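Here the structure is laid out as structure tokens; the discussion comes afterwards.
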Amino acid sequence: MDILIQASQFILSLSLLIILHELGHFIPAKLFKTRVEKFYLFFDPWFSLVKKKIGDTVYGIGWLPLGGYVKIAGMIDESMDKEQMAKPPQPWEFRSKPAWQRLIIMIGGVTVNIIVAIIIYAGMMMYYGEQYLPNENLKYGLSVDSTAEAIGLRDGDKIISIDGKKIERFSEIPKELLLSDEGRITLERNGNIQELTIPADQKKSLIKAQQSLINIRVPYIAGGFTESSTAKKAGMEEGDSVVAINGEPTLYFDEYLEKIPQNKEKEISLTVYRDGEPLELNVEVPTSGKIGVASKPLDYFFDLETKKYGFFESFPAGINRSFTVLGDYVRQIKLIANPETEAYKEVGGFIMIAKQFDTHWNWPKFWAFTAFLSIMLAFLNILPIPALDGGHVVFVLWEMISGRKPSEKVLEYAQLAGFVILLGLILLANGNDILRLFK
């Protein structure tokens, strides 16, 4: 059921973005009286799931969910319709239109993707507001895994800045650690300010362990229990503060996550405080290594910042968020393009994207990730690769600057080369997904 819910959210998100992207091409084409022969959600090699002709355009849904397209008359595109291109140009065809009109038609999809992201972010800020944990409020510091320890971080560290950029929110830390150019970290440890630099040979390890690098350090205060919790059976109650294991003072939740599994199928003694009085609880640790206790939520320990936006405030904030996300995505692409980091091995395809959605219908997360996908599609589509919008834009701009129109043969060969590049990228991304499934 979880997989079905994730897949449903993925298909809904992708479908919305494809339709809106293609409308970005369709609307200016119609405004400039250019004939649009097909408007398709998903691709339709050999057959369509649904199709209906209205006017000059066939609207349909294909069976191959790898994207979508509009087929514009007189344009060398994925259809490679050489028969049509061999005929004399007609007034309603793309190739007969002025270069500036063709440019607007080609950038329409990317433009719509950016606008969609801005509207989604603005709507979320207006409806949900924005809640975050200020970095300066992390009074207990961070808990770090072995990979973070290898670059010099320690439990309890408070990161102040990365590459000279002050960290305002806790959520920025993992991203900045991965995308930093210089790897310079300024931190507070035991009340002292220290500097460390991420070793170059550790960058690959950071990328592989990005999901578990760091977490927020909190005391161990019971916030709830699972149905099979052995701690609850031993007498632990919500609100109990756990301070020692087997007589050894242990203050933080992450330390118990490490030590309790080391005592599988054994009985451990936990010292807890309840109403200011110490109690000893003898707890059986099952083979799972988990005693079924959840910590209190973050807002129990920290003051979270919540910002509400009015209608007029939300749109500048949405624009700012969209271009911040775009900038971060460009930094990710630079990281992937550097073979020394081996970040290309972590690139994912449709399976990885689908897994980013929640296993239940979480609308805030759905809309936030849809906005990110819209930014991602805008950037990828504007890349100067033949077969993508950006490739067509390059040829139109060349024509506008030089006054010479590329020959149809050049456009055909470029389109084929673009397909080879895109096929390689698709195989890389989805091949990584398949390898991860087997691992």
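Observations
- Using the Cβ-Cβ distance between S407 and R169 with R0 set to 60 Å, the FRET efficiency from 1/(1 + (r/R0)^6) comes to roughly 0.70.
- Each of D299, D155 was scored by other Cβ atoms within 10 Å of its Cβ. Listed from fewest to most, they are D299, D155.
- Along segment 42-51 the Karplus relation, 6.51 cos²θ - 1.76 cosθ + 1.60 evaluated at θ = phi - 60°, assigns HN-Hα couplings of 6, 8, 10, x, 6, 7, 10, 6, 9, 7 Hz to successive residues, with x for each Gly and Pro.
- From helices alone, the chain scores -14500 deg cm²/dmol at 222 nm; the rule is -39500 (n - 2.57) for each run of n ≥ 4 DSSP H residues, then divide by the residue total.
- Value of relative contact order over the chain, rounded to a whole percent, pairs C-alpha under 8 Å and six or more apart: 18
- A run of the chain free of exposed loop cleavage sites, with GluC sites (Glu not before Pro) counted only in DSSP states other than H, G, I, E and B and at most 16 other beta carbons within 10 Å, reaches its longest extent at 343-439.
- Antiparallel bridge percentage (DSSP; both residues within the chain; nearest 5): 95
- Computed lengthening from I421 to A294, 0.36 nm per intervening residue step minus Cα-Cα distance: 40.9 nm
- Between segment 35-49 and segment 181-226, the alpha-carbon center distance in angstrom: 48
- Ranked list, fewest to most other Cβ atoms within 10 Å of each Cβ, for F94, F43, F225, F311: F311, F43, F225, F94
- Rounded to the nearest 10 degrees, the inclination of helix 99-127 to the longest alpha-carbon principal axis of the chain is 30 degrees.
- For Y220, the residues 5 or more places off, or on other chains, whose built amide H falls under 5 Å of its own are V242, F253.
- A value for semi-axes √(5λ) of the Cα gyration tensor in Å was derived from the coordinates, and within the list [x] 33, 26, 19; [y] 43, 26, 22; [z] 52, 23, 21 it appears as [z].
- Proximal aspartates and glutamates to K165, defined as alpha-carbon separation beneath 20 angstrom and excluding residues fewer than eight positions away on the same chain: E136, D157, E176, D181, E182, E188, E195, D328
- Gaussian network model of the chain, springs between alpha carbon atoms under 10 Å - residue of G123, G403, G68 with greatest fluctuation: G403
- Charge tally in the Cβ shell below 12 Å around N113, where Lys, Arg are +1 and Asp, Glu are -1, N113 excluded: -2
- For the chain, the longest principal axis of the C-alpha atoms and the axis of helix 389-402 are separated by about 50°.
- In the structure shown, the pairs K264/K290; K166/K203; K175/K204; K87/K409; K139/K175; K204/K334 are assessed against 19 Å; a Cα-Cα span above that value is assigned to K166/K203; K139/K175.
- Taking I193, I167, I159 as the candidate residues, the one with maximal mean-square fluctuation in a Gaussian network model of the chain, Cα springs under 10 Å, is I193.
- Arranged from fewest to most other beta-carbon atoms within 10 Å of their beta carbon, L411, L16 become L16, L411.
- The chain: angle of helix 311-337 to the longest principal axis, Cα-based, in degrees nearest 10: 90
Where a number appears in this text, it was derived from the coordinates with a stated rule and is not lab data. Because the structure is predicted, anything quoted here is derived from the model rather than measured. Cβ atoms come from the backbone with ideal geometry, glycine included; neighbour counts cover every protein chain shown.
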